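Data block below; observations after.
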Amino acid sequence: MTFTFQVPTALEYFESLVRSDDHFPLLEAAASLAQDEYPELDVQQVLGDVDQLLARLKRRLPADAAPLARLRALNQFFFNDLNFGGNVNDYYDPDNSYLNAVLRTRRGIPISLAVLWMELAQGLGLQARGIGFPGHFMLKVTLPKGQVVIDPFTGKSLSREELGERLEPYKRSNGLVGDFDVPLGLYLQPASSREIIGRMLRNLKEVHRAQEDWQRAIAVQDRLIALLPSAWGEYRDRGIAHAEQGNTALAVHDLEVYLTHAEDALDIDAIAERVAALRRTANG
């Protein structure tokens, strides 16, 4: 008897990781995003590399180290000794979102750096969470005497005043001033693992769209729809990318899914016209 083993595609592997919110493997899901760009990537090797960093860090600390001592040791190790930090010279390089590349270059964007930092923090027993702060992903650590908010781009702890200053442009541009202002704490709510992966994918999506790299954009959209199957706007965006790539039938399918479910959206008429034009092209 011959047994055949079907190796899952990169997308199928990703789908298996993000299917359930119970025990969502954040680091593994984040590392797997790079498989679209690096098809031969061994995700387990990436996880092993992070485990080795954690083992090195643990050897520096006594077992009974207080939480604040663990936090200081982690920041010294990650930001100073290993020199992880933001890629200020090429912020929009897709490699900044791929953990295998970030581990190699020690450069990334806030959210990719945060995912690696959180894995080490949680390995030390720290209560660390990511924060979907507007425009700039942050880290929050709960200590016995309060919370610390850290910018993963620089490793700097931020005061309430500094966080408020960073929020001002966002608040002004969204009309959240005066009577419509909301407390700072609402912006410091922890992000779920699913939300973190969604934000990483949307960062990649915007990079590829800006470069009009529709093939790569479609691969990212496939993952976003696997991750967030009821995010109808992602079907619209994938449909537009398919249309740009010349995949008319796939474009029409995705755009019609959007039209069916996003009944109150402001762009319904424009998308309906786009579908009609695509159908004319296909029939012409």
Legend entry - Criterion: of a type in the set (Phe, Trp, Tyr), within 30 Å of Pro169 (Cβ to Cβ), modelled with pLDDT of 95 or more and open to solvent by 10 Å² or more (accessible area, probe 1.4 Å) - qualifying residue of Phe153, Phe79: Phe79
Inset, instruction - Identify the residue in the range 38-49 that is in a helix (DSSP H, G or I) and among the hydrophobic types (A, V, I, L, M, F, W, C) and, among all such residues, is surrounded by the most Cβ atoms within 10 Å (Cβ to Cβ). - result: Val43
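For the structure I just gave you, tell me whether Ala65 is buried (at least 16 other Cβ atoms within 10 Å of the Cβ) and either assigned by the TED database to the domain that holds Gln52 or out of contact with any Leu (no Cβ under 6 Å at 6 or more places or on another chain) (or both). Give the derivation first.
Values: buried (at least 16 other Cβ atoms within 10 Å of the Cβ): yes; either assigned by the TED database to the domain that holds Gln52 or out of contact with any Leu (no Cβ under 6 Å at 6 or more places or on another chain) (or both): yes.
It is true that Ala65 is buried (at least 16 other Cβ atoms within 10 Å of the Cβ) and either assigned by the TED database to the domain that holds Gln52 or out of contact with any Leu (no Cβ under 6 Å at 6 or more places or on another chain) (or both).
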Inset, instruction - Select from the range 50-85 the residues that are among the aliphatic types (A, V, I, L, M) and part of a loop (DSSP other than H, G, I, E, B) and list them in ascending order. - result: Leu61, Ala63, Ala65, Ala66, Leu82
Inset, instruction - Could you run through the range 68-85 and say how many residues are farther than 13 Å from Trp117 by Cα and touching a Leu at 6+ places or on another chain (Cβ under 8 Å)? - result: 2
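Based on this model, can you work out whether Asp95 counts as open to solvent by 50 Å² or more (accessible area, probe 1.4 Å) and either on the phi < 0 side of the Ramachandran plot or assigned to a helix (DSSP H, G or I) (or both)?
On the way: open to solvent by 50 Å² or more (accessible area, probe 1.4 Å): no; either on the phi < 0 side of the Ramachandran plot or assigned to a helix (DSSP H, G or I) (or both): yes.
No, not satisfied.
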Legend entry - Checking Thr154 against (1) in a strand (DSSP E or B); (2) touching a Gly at 6+ places or on another chain (Cβ under 9 Å); (3) over 18 Å from Gln189 (Cβ atoms), the condition it does not meet: (1)
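Considering only the range 201-212, I want to know if a residue exists there that is assigned to a helix (DSSP H, G or I), in the same structural domain as Leu224 (by the TED database), modelled with pLDDT of 95 or more and loosely packed, with under 11 Cβ neighbours inside 10 Å. I'd like the intermediate steps shown before the answer.
Step one: list which residues in the range 201-212 are assigned to a helix (DSSP H, G or I), which gives 201-210.
Those left that are additionally in the same structural domain as Leu224 (by the TED database): 201-210.
Then keep just the ones that are modelled with pLDDT of 95 or more; that gives 201-210.
Checking the rest, the ones that are also loosely packed, with under 11 Cβ neighbours inside 10 Å come to 210.
Yes.
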Inset, instruction - Report yes if some residue within the range 40-59 is modelled with pLDDT of 95 or more and farther than 22 Å from Arg104 by Cβ; otherwise report no. - result: yes
Inset, instruction - Scan (1) in contact (Cβ under 8 Å) with a residue 60 or more places away in the chain; (2) crowded, with 20+ Cβ neighbours inside 10 Å for the single condition Lys58 breaks and write down its number. - result: (2)
Inset, instruction - Restrict the check to the range 237-259 and report whether at least one residue is in the same structural domain as Val275 (by the TED database), open to solvent by 40 Å² or more (accessible area, probe 1.4 Å) and of a type in the set (Lys, Arg). - result: no
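Which one of Val88, Val148 is more than 15 Å from Leu26 (Cβ to Cβ) and part of a strand (DSSP E or B)? Let's see the steps before the verdict.
On the way: Val88 fails: part of a strand (DSSP E or B).
Being more than 15 Å from Leu26 (Cβ to Cβ) and part of a strand (DSSP E or B) holds for just one of Val88, Val148, which is Val148.
Can you find a residue that is among the hydroxyl-bearing types (Ser, Thr, Tyr), more than 22 Å from Val220 (Cα to Cα) and either out of contact with any Asp or Glu (no Cβ under 8 Å at 6 or more places or on another chain) or part of a loop (DSSP other than H, G, I, E, B) (or both) anywhere in the range 238-251? Don't jump to the end; show me each part of the working.
Residues of the range 238-251 among the hydroxyl-bearing types (Ser, Thr, Tyr): 248.
Among the residues that remain, those that are also more than 22 Å from Val220 (Cα to Cα) are: none.
Within the range 238-251, none of the residues are among the hydroxyl-bearing types (Ser, Thr, Tyr), more than 22 Å from Val220 (Cα to Cα) and either out of contact with any Asp or Glu (no Cβ under 8 Å at 6 or more places or on another chain) or part of a loop (DSSP other than H, G, I, E, B) (or both).
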Legend entry - Matching residues in the range 94-113 - criterion: being free of Cβ contacts under 8 Å to residues at least 40 places away in the same chain and under 28 Å from Glu168 (Cα atoms): Asn96, Arg107, Gly108
Inset, instruction - Please find, among Ala226, Ala217, the residue that is crowded, with 20+ Cβ neighbours inside 10 Å and assigned to a helix (DSSP H, G or I). - result: Ala217
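So, of the residues in the range 105-148 that are out of contact with any helix residue (DSSP H, G or I) (no Cβ under 9 Å at 6 or more places or on another chain) and modelled with pLDDT of 95 or more, which turns out to be surrounded by the most Cβ atoms within 10 Å (Cβ to Cβ)? Lay out the reasoning, then the answer.
So in the range 105-148, the residues out of contact with any helix residue (DSSP H, G or I) (no Cβ under 9 Å at 6 or more places or on another chain) come out as 106, 110, 122, 146.
After this cut, where a residue has to be modelled with pLDDT of 95 or more as well, the list is 106, 110, 122.
On the way: Arg106: 16, Pro110: 22, Gln122: 15.
Looking at residues that are out of contact with any helix residue (DSSP H, G or I) (no Cβ under 9 Å at 6 or more places or on another chain) and modelled with pLDDT of 95 or more, I get Pro110.
Sort through Gln52, Gln35 and tell me the only one that's among the polar types (S, T, N, Q) and open to solvent by 70 Å² or more (accessible area, probe 1.4 Å). Give the steps one after another, and end with the answer.
Values: Gln35 fails: open to solvent by 70 Å² or more (accessible area, probe 1.4 Å).
Of Gln52, Gln35, the one residue that is among the polar types (S, T, N, Q) and open to solvent by 70 Å² or more (accessible area, probe 1.4 Å) is Gln52.
The values are calculated or read from the model by the stated rules, or taken from the named source; none is laboratory data. As the structure is a computational prediction, the values presented were derived from the model and not from experiment. Here the Cβ is made from the backbone with ideal geometry for all residues, glycine too, and neighbour counts use every protein chain on show. The protein model used for the area step is the full one, side chains on, heavy atoms only, and it has no ligands, DNA or RNA in it. Shrake-Rupley method; radii C 1.70, N 1.55, O 1.52, S 1.80 Å.
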